[in-house]
Amino acid sequence: MAYFIIIRGPLGCGKSTIAKMLARKLNANYISVDDVLEKNRLDDIDPEIGCIPAKNFIKANEMMLPQARKDLEGGKIVIFDACFYHKEPIEHLIKELPYQSFVFTLKAPLETCIERDMRRGKTHGEAAAKDVHRLVSRFDYGTVIDVTRPVNTSVNGIISGIPKN
């Protein structure tokens, strides 16, 4: 059964780690929205709104949709990983992909996100972590997962919320 999963949450909460582990366990195609934004120079912060505009995320979605459709048509699970601090790009993916979808909001305290960001190779910095945490925390979407627990526990929590093949 083909379906797609959207993993969203603040910078440094472990989205990519969890999404990649989930992709391995489910034999799914992993798509990093952040990579698509960066590669296509859609990741510039709009100074008027203080973040990447929703329209840029939707442009990235449009670039990812052909591969996602192909994978889903072939019976493959697709996992999207991004902060998704705007609702519009989430709803756009759900509207454009006529498959069952599951959205998981990963939650961790700001201090945890800052600490995790500082430990990785490509750090974004405390100010960016604070800004993204504030933006993502404006709303929850789908199932909320506490990611202060071990990674395996978080991944198993997500797996328990999706259908078995």
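Residue 142 fulfils the conditions (1) touching a helix residue (DSSP H, G or I) at 6+ places or on another chain (Cβ under 6 Å); (2) on the phi > 0 side of the Ramachandran plot except for a single criterion, (1).
Yes/no per residue for (1) surrounded by 12 or more Cβ atoms within 10 Å (Cβ to Cβ); (2) in contact with a helix residue (DSSP H, G or I) (Cβ under 9 Å, 6 or more places away or on another chain); (3) over 18 Å from residue 103 (Cα atoms):
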site: 23; (1), (2), (3): yes, no, no
site: 29; (1), (2), (3): yes, yes, no
site: 44; (1), (2), (3): no, yes, yes
site: 53; (1), (2), (3): yes, no, yes
site: 58; (1), (2), (3): yes, yes, no
site: 70; (1), (2), (3): yes, no, yes
site: 75; (1), (2), (3): no, no, yes
site: 82; (1), (2), (3): yes, yes, no
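Counting only helices (runs of 4 or more DSSP H) that sit wholly inside segment 76-138, those with at least 1 residues that are modelled with pLDDT under 95 and touching a Phe, Trp or Tyr at 6+ places or on another chain (Cβ under 9 Å) are 126-136.
Comparison of 165, 156 shows that the only residue that is assigned to a helix (DSSP H, G or I), farther than 15 Å from residue 8 by Cα and either at pLDDT 95 or above or out of contact with any Lys or Arg (no Cβ under 8 Å at 6 or more places or on another chain) (or both) is 156.
When you scan segment 17-31, do you find a residue that is modelled with pLDDT of 95 or more, part of a helix (DSSP H, G or I), farther than 29 Å from residue 150 by Cβ and not small (Gly, Ala, Ser), even just one? Checked against the condition, which is being modelled with pLDDT of 95 or more, part of a helix (DSSP H, G or I), farther than 29 Å from residue 150 by Cβ and not small (Gly, Ala, Ser), segment 17-31 yields no hits at all.
When 76, 95 are screened for being free of Cβ contacts under 8 Å to residues at least 12 places away in the same chain and farther than 22 Å from residue 149 by Cβ, only 95 passes.
The values are calculated or read from the model by the stated rules, or taken from the named source; none is laboratory data. From a predicted model like this one, the values you see are computed outputs, not experimental measurements. With ideal geometry, Cβ positions are generated from the backbone for all residues, glycine too; neighbour counts draw on all protein chains shown.
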